[in-house]
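Undergrad: Have a look at this one.
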Amino acid sequence: MTTKNAPANSEILKVALKAAERAATIAREQRASLTVAVSFKDARNLVTTADLAAEKAIIETILEHFPDHKILAEESTQGHTPEQYGVGPLWVIDPIDGTTNYAHGHFQVGISIAFAFDGIVQVGVVAAPFLAEVFTAVKGGGAFCNGLKINVADTKSLADALVSTGFPYKRSNAANICARLERVLIRCRDIRRLGAASLDICWVACGRLDAYYEETLMPWDGAAGCLIAREAGAAIGHYAYDNDSQKLTAKYPGDLFVDNLIVSGCEFFAELESVLNA
């Protein structure tokens, strides 16, 4: 397999599903056997033995089929620059999205695998191993959950919207985060904080949520979910910077740029964007 041309998306999807199922099995088995060990990347950011084992299994599965493809994964890196990740075939991996949820026995846990070519995501898979759901999308082919087509809700206004968000581990921008949260809260139906960005985005795609926004994401948090949401009819954009801590993916090209992400139904996207930027 050369890097000059992208493989068929159908072939990519099969490998992504196989890798996701291997990771899901590891996540379920380690938690069921009470063998999960937890360590800290920093004061609040957890990593577990399941994260590391699942990521290893995903990468091994991918490289068995595509040994010369680049890998951008949460727990390991090949050391390329952001610009280099935007050239040719790239797999973007979060082995366990919602690690804090996972470590605390919650079910809102995702396994996120995206395939991008020249920075544009072509295939996305987000598996929810404790909810028995797998969200998938191929660019231009619609979005699906367990093989059934999904679409965003037809919510018309922010006042009727159930909105999800998340909070960064580093809290240097807490005042602005809380101010934005207050502005949204007083205008929407209600707020949820579920703890796994990939699943939040997929829940917008299938209509369980009407919108999602969050700062300080990385490509592996949003690459797969955003393709799924876009294929389900969502609008995707970004709110304005108000703190340097938000500029984590500013140098990443195309769909790998996820700073200050907004995912919502199209009818009220501009309204939500305006409130976030107020």
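Undergrad: Across the range 23-39, what is the total count of residues that are surrounded by fewer than 17 Cβ atoms within 10 Å (Cβ to Cβ) and in a helix (DSSP H, G or I)? Give the steps one after another, and end with the answer.
TA: Residues of the range 23-39 that are surrounded by fewer than 17 Cβ atoms within 10 Å (Cβ to Cβ), as a first pass: 25, 28-29, 32-35, 37-39.
With in a helix (DSSP H, G or I) added as a condition, the list becomes 25, 28-29, 32.
Adding up the residues that qualify gives 4.
Undergrad: Go over the candidates Tyr212, Tyr169 one by one and state the one that is farther than 21 Å from Leu131 by Cβ and of a type in the set (Phe, Trp, Tyr). Write out each step before concluding.
TA: Numbers: Tyr212 fails: farther than 21 Å from Leu131 by Cβ.
From the options Tyr212, Tyr169, the qualifying one is Tyr169.
Undergrad: A further question on this structure: Go through the range 100-112 residue by residue and tally those that are aliphatic (A, V, I, L, M) and in contact with a Phe, Trp or Tyr (Cβ under 7 Å, 6 or more places away or on another chain). Talk me through it step by step, then tell me what you get.
TA: Here is the first cut: in the range 100-112, the ones aliphatic (A, V, I, L, M) are 103, 109, 111.
If we keep only those that are in contact with a Phe, Trp or Tyr (Cβ under 7 Å, 6 or more places away or on another chain) as well, we get 109.
Residues flagged as aliphatic (A, V, I, L, M) and in contact with a Phe, Trp or Tyr (Cβ under 7 Å, 6 or more places away or on another chain) within the range 100-112 amount to 1.
Undergrad: While we're on this one: Do we have any residue at all in the range 247-263 that's among the small types (Gly, Ala, Ser) and buried (at least 21 other Cβ atoms within 10 Å of the Cβ)? Give the steps one after another, and end with the answer.
TA: Let us first name the residues in the range 247-263 that are among the small types (Gly, Ala, Ser), namely 250, 254.
Next, only the ones that are buried (at least 21 other Cβ atoms within 10 Å of the Cβ) stay: none.
So far as the range 247-263 goes, no, none of its residues is among the small types (Gly, Ala, Ser) and buried (at least 21 other Cβ atoms within 10 Å of the Cβ).
Undergrad: Can you tell me how many residues in the range 41-78 are polar (S, T, N, Q) and under 14 Å from Pro89 (Cβ atoms)?
TA: Total meeting the criteria: 1.
Undergrad: Let me ask something else about it. If you check Gly140 against the conditions, is it more than 17 Å from Val263 (Cβ to Cβ), at pLDDT 95 or above, surrounded by fewer than 15 Cβ atoms within 10 Å (Cβ to Cβ) and over 15 Å from the mean Cα position of the chain (by Cα)?
TA: Yes; evaluated as a whole, the condition is true for this residue.
Undergrad: What's the number of the condition Ile71 fails, among (1) touching a residue at least 24 places away in the same chain (Cβ under 8 Å); (2) more than 24 Å from Gly142 (Cβ to Cβ); (3) part of a strand (DSSP E or B)?
TA: Of the numbered conditions (1) touching a residue at least 24 places away in the same chain (Cβ under 8 Å); (2) more than 24 Å from Gly142 (Cβ to Cβ); (3) part of a strand (DSSP E or B), the odd one out for Ile71 is (1).
The values are calculated or read from the model by the stated rules, or taken from the named source; none is laboratory data. What you are looking at is a predicted structure, and each value in this text was computed from that prediction instead of being measured. Methodologically, a virtual Cβ is constructed for each residue, glycine included, from the backbone with ideal geometry; neighbour enumeration extends over all protein chains shown.
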